[in-house]
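See below for the structure under consideration.
The values are calculated or read from the model by the stated rules, or taken from the named source; none is laboratory data. Please read all numbers here as calculations on a predicted model, not as lab measurements. Here Cβ is always computed from backbone atoms with ideal geometry, including for glycine, and neighbour counts include all displayed protein chains.
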Amino acid sequence: MRADANPEKTANPVSRTSAPFGGRAIVLVGLMGAGKTTVGRRLAQRLELPFVDADAEVEAAAGLTIPEIFEAHGEPAFRDGERKVIARLLDGGAQVLATGGGAFMDPDTRARIAQSGISVWLKADLDVLMRRVGKRPNRPLLESNDPRAVMEKLMHERNPVYAQADIALETGDGPHEDVVERLVTELEAYR
């Protein structure tokens with residue numbers, strides 16, 4: 001018997017987890033460096049869903065990088081554009097959507113995510129976040145003499161809001177594939 005002869009055996013078990021969500025997006029939220037983009041890409045592949053990075057979509061819509069948007073127009077203009085882009089993306093149905101670290105802070109965005117998606121808070125401790133964000137220089141909020149203090153402040157302000165997510169998952173220092181596996185289990189349990 002060919003391996004593909006029995007669809008029950010060959011079907012991606014995770015694909016079954018996406019169907020009960022009625023076309024809703026899986027929306028990854030959390031601080032910069034938590035792994036939203038990296039985990040999101042792998043999760044989308046595993047779920048056989050499209051992956052969308054909200055930050056990349058904001059940049060495409062603005063024709064500027066996020067640091068350029070912050071510099072030219074300020075954070076409020078960036079947040080307004082981010083809100084509009086995420087609203088548009090959520091109309092796209094089933095997908096894995098990685099949001100920027102501040103997106104979930106917006107009450108309108110949180111409400112839209114609750115209506116059209118399943119929110120997943122990817123969280124990590126301060127040391128892990130600082131190691132990860134140090135690898136990418138395009139973090140406008142961390143352009144400070146003390147980026148660690150800025151990150152601590154963001155954690156203090158944002159973690160209580162992130163805690164409103166449907167699912168919370170510690171990303172830690174382990175392999176991203178392990179995070180994806182644990183997230184798949186959480187999504188199946190959520191279903």
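Of note:
- Counting only residues that are free of Cβ contacts under 8 Å to residues at least 60 places away in the same chain and in a helix (DSSP H, G or I), the stretch 76-96 holds 13 of them.
- Within the stretch 22-40, restricting attention to residues that are within 9 Å of the chain's Cα centre (by Cα) and assigned to a strand (DSSP E or B), the residue that is farthest from G134 (Cα to Cα) is I26.
- Selected residue (criterion: nearest to V96 (Cα to Cα)) from residues of the stretch 1-44 that are among the polar types (S, T, N, Q) and at pLDDT below 90: S18
- Single residue of the stretch 158-191 satisfying the filter (acidic (D, E) and touching a residue at least 12 places away in the same chain (Cβ under 8 Å)) that is farthest from M130 (Cα to Cα): E188
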